[in-house]
């Protein structure tokens with residue numbers, strides 16, 4: 001694996017993002033390696049998995065690799081999109097997955113860590129949800145992954161509508177983060193939680209994780225409503241704004257959105 005490093009200690013497995021030169025952007029190659037590492041952890045019967053970036057990094061992950069997004073006229077987040085695949089792998093991993101955050105977390109990476117079972121962060125970390133900066137037609141599955149937790153809907157709306165980052169300490173108050181720590185204490189605190197989990201009955205833990213996943217996805221949605229939302233999404237990803245957002249990103253300028 002070129003884009004992640006893996007390590008095991010007892011029943012705790014650690015997956016470290018190793019694509020710092022590209023700000024750990026969630027490219028298809030990086031995501032393939034994360035999924036492969038998760039499968040290895042399952043095969044090795046790890047009882048807890050830690051997902052982290054390299055120590056000292058300023059950006060945990062810059063989110064979805066913008067270069068892989070279509071330039072309009074096509075759904076940017078289909079079922080087989082790399083972001084969707086890695087989130088399903090995390091959610092369906094039998095072992096609890098703990099996100100250990102150092103640095104900034106942007107866009108699709110924010111949804112990814114929210115799909116982990118627990119999140120612990122350095123006090124200096126920040127979190128931002130950025131699709132509106134690009135005019136991206138974010139999908140209903142992704143929105144659901146954020147609203148099904150304990151975080152207030154008002155906070156989620158603020159994150160989505162403004163794309164402004166929030167601090168780790170505010171994220172903790174909002175229920176996005178379990179606990180925040182000084183950086184020198186973070187790794188030991190996360191390992192302590194992981195090792196406690198490893199002393200518990202793994203089959204029971206895996207069952208409860210799966211039950212919680214199924215229950216969290218039990219929100220009713222009629223086929224008609226789903227089709228209506230997909231139609232709205234199609235209008236967004238076919239729009240001038242969708243093309244403008246991506247073009248502006250690559251041209252390193254501020255986008256001018258017209259609502260068309």
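The values are calculated or read from the model by the stated rules, or taken from the named source; none is laboratory data. All figures in this text were calculated on a predicted structure; none of them were measured in a lab. No Cβ is skipped: glycine too gets one built from the backbone with ideal geometry, and neighbour counts run over all protein chains shown.
Quick check, is residue 100 in contact with a helix residue (DSSP H, G or I) (Cβ under 6 Å, 6 or more places away or on another chain), surrounded by 20 or more Cβ atoms within 10 Å (Cβ to Cβ) and modelled with pLDDT of 95 or more?
So residue 100 passes the test.
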- Message: Which of the numbered conditions does residue 221 fail, given that it passes all the others? Conditions: (1) within 22 Å of residue 114 (Cβ to Cβ); (2) in contact with a helix residue (DSSP H, G or I) (Cβ under 9 Å, 6 or more places away or on another chain); (3) surrounded by 12 or more Cβ atoms within 10 Å (Cβ to Cβ).
- Response: (3)
- Query: Has the stretch 24-45 got at least one residue that is within 25 Å of residue 157 (Cβ to Cβ), surrounded by 21 or more Cβ atoms within 10 Å (Cβ to Cβ) and in contact with a strand residue (DSSP E or B) (Cβ under 6 Å, 6 or more places away or on another chain)?
  - Reply: yes
- Top-ranked residue of the stretch 122-155 - restricted to ones that are over 14 Å from the mean Cα position of the chain (by Cα) and free of Cβ contacts under 8 Å to residues at least 40 places away in the same chain, ranked as surrounded by the fewest Cβ atoms within 10 Å (Cβ to Cβ): 150
- Could you count how many residues in the stretch 161-200 are touching a residue at least 24 places away in the same chain (Cβ under 8 Å) and either within 12 Å of residue 119 (Cα to Cα) or crowded, with 17+ Cβ neighbours inside 10 Å (or both)? 21
- Could you please let me know if residue 13 is surrounded by fewer than 19 Cβ atoms within 10 Å (Cβ to Cβ) and over 26 Å from residue 144 (Cβ atoms)? no
- Could you please let me know if residue 82 is at negative phi and either at pLDDT below 95 or surrounded by fewer than 21 Cβ atoms within 10 Å (Cβ to Cβ) (or both)? yes
- Message: Quick check on the stretch 224-232. Is at least one of its residues surrounded by 16 or more Cβ atoms within 10 Å (Cβ to Cβ), touching a residue at least 40 places away in the same chain (Cβ under 8 Å), more than 19 Å from the chain's Cα centre (by Cα) and closer than 20 Å to residue 137 by Cα?
- Response: no
- Write out, first by first residue and then by second, each pair whose Cβ atoms fall under 8 Å of each other, whose residues are 6+ apart or on separate chains, and whose first residue, in the stretch 1-29, is in contact (Cβ under 8 Å) with a residue 60 or more places away in the chain and at positive phi while the second is surrounded by fewer than 22 Cβ atoms within 10 Å (Cβ to Cβ) and assigned to a strand (DSSP E or B). 24/59
